[in-house]
Amino acid sequence: MNKKVIILERIFTFYRKPVFDLIGQKVDLKVLHGKNNSGIKSISTNYSELIPSFQYTKNETNTLLFPIFKTLRFQPEIVISDFALGMLNLPFIILTCKIANIKFVFWSHGYNRKTGFRPEKKWIDRYRLFLLRIADANIVYGYEDKEILQKYINKEKIFVAQNTIDTSTFIGIRNQLESEGKLSINKRLDIQHKFNIVFISRILKDKKPDLLIEIYEILKNKYNIIIGVHFIGDGELLQDIKEEVQSKSYGNDFYFHGAVHDPVKSGELLYISDIMVMPGYLGLSVNHSFCFDCPVISFKEIDGYPSHSPEVENVINNKTGFLIEEHTATAMAEAIRTILENDALMLEMRKNIRNIIENKLTLDRMVNGVIDCIDYVTSANK
């Protein structure tokens, strides 16, 4: 009989569904989630239920979830929960699970990636460590997270489910696009540029999307390289960027595609792009770009900025992209130029990217990390 498992999420995002679908093939799964106020596309399934929730500030992580009634009714063996300190009633949820003899697991980064993890110096990290230790186990998104946490927690209780998306579906789309060819796709999409860069994310201040205008100007004025600049996404800075592009008469070189949830359409735009450029923090956009042979350029994290998610582990200088130490548009433009003017480097990067996306960043590997944790906490010998 399959083990009964609840996954508790603040929101049920569309890109999590393939992961939960696979987990649901191995366990009797129920996903309990709050209401989506983030602007990220959400979804529902036959194994998910909306529970009462309350976002008490503008910060989307400051959300209270109320899963107790449905948890006790489902009678799971394990609850795997999202982890944010803004979920103020987490200790009560953990206590309820302990009383009901339900194993409790966190699935998270484990710490604030902007500020690091220093429980010996910061009271907030001491509290975070307290919660991590009273959990029966912890699932993290990357090996760097595990390396940091295992200094304070038994490493046998830390499992890595390396964060990814449904890469097999995107690879299938890529293969179809490859058979059509870039020239044909560019013609069909009415894209006239030889070189194209793309920004794919919500267009927010901490992503620094406006820097792409300055990068464009440097490439054009200093190196006489004219690029097509593509924005895929929506957000608070979108209108400001559009107005600046219009005021400078750059409209022929900028493309605003809006939020694109169709995987074929977003795949087309990534496939015809030479580089994905993200001045702000990197997340699953790395995996998404890699599915379409697109190298990634961002800034190296220095003093907590940009606060990249674990996916940054796969952006390797001169191998799959660049993480630039000098946080300037000039340095980023130089890196873009290096790739655009070196066909051999571009081909080598695409080869390395395919190896990573097809052999490392798979849903099976991510799900296996979760199942390993489930097996561990339900083992009589643990």
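The values are calculated or read from the model by the stated rules, or taken from the named source; none is laboratory data. Everything quoted here is computed from the prediction, not taken from an experiment. No Cβ is skipped: glycine too gets one built from the backbone with ideal geometry, and neighbour counts run over all protein chains shown. These accessible areas exclude ligands, DNA and RNA; they are computed on the full protein's heavy atoms, side chains included. Shrake-Rupley method; radii C 1.70, N 1.55, O 1.52, S 1.80 Å.
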Is it the case that the range 330-340 has a residue that's of a type outside the set (Lys, Arg), open to solvent by less than 70 Å² (accessible area, probe 1.4 Å) and part of a loop (DSSP other than H, G, I, E, B)? no
Would you mind stating whether Glu217 is assigned to a helix (DSSP H, G or I) and closer than 25 Å to Asn342 by Cα? yes
Picking from Ile197, Ile218, Ile241, the residue that is open to solvent by 10 Å² or more (accessible area, probe 1.4 Å) and β-branched (Val, Ile, Thr) would be Ile218
Pull up the range 119-155, narrow it to residues that are assigned to a helix (DSSP H, G or I) and free of Cβ contacts under 8 Å to residues at least 24 places away in the same chain, then point me to the one that is farthest from the chain's Cα centre (by Cα). Trp123
Residue under question is Ser168, and the condition is that it be open to solvent by 50 Å² or more (accessible area, probe 1.4 Å), at pLDDT below 95 and closer than 29 Å to Arg350 by Cβ; does it hold? yes
All but one of (1) closer than 26 Å to Tyr281 by Cα; (2) surrounded by 17 or more Cβ atoms within 10 Å (Cβ to Cβ); (3) modelled with pLDDT of 95 or more hold for Leu177; which doesn't? (1)
Answer with yes or no whether Ile139 is aliphatic (A, V, I, L, M) and surrounded by fewer than 17 Cβ atoms within 10 Å (Cβ to Cβ). no
Helices (runs of 4 or more DSSP H) enclosed by the range 1-106 - at least 1 residues per element that are open to solvent by 60 Å² or more (accessible area, probe 1.4 Å) and touching a strand residue (DSSP E or B) at 6+ places or on another chain (Cβ under 8 Å): 90-99
Looking only at residues that are under 17 Å from Ala331 (Cβ atoms) and at pLDDT below 95 in the range 288-307, which one is nearest to the chain's Cα centre (by Cα)? Pro306
Counting only residues in the range 201-215 that are open to solvent by 20 Å² or more (accessible area, probe 1.4 Å) and among the aliphatic types (A, V, I, L, M), the one farthest from Ser298 (Cα to Cα) is identified as Leu204
Got a number for residues in the range 224-233 being touching a residue at least 12 places away in the same chain (Cβ under 8 Å) and loosely packed, with under 15 Cβ neighbours inside 10 Å? 1
Just one listed residue, out of Asn196, Asn186, is farther than 27 Å from Leu64 by Cβ and in a strand (DSSP E or B), and it is Asn196
Is it the case that the range 262-272 has a residue that's open to solvent by less than 40 Å² (accessible area, probe 1.4 Å), in a strand (DSSP E or B) and either under 25 Å from Glu341 (Cβ atoms) or among the hydroxyl-bearing types (Ser, Thr, Tyr) (or both)? no
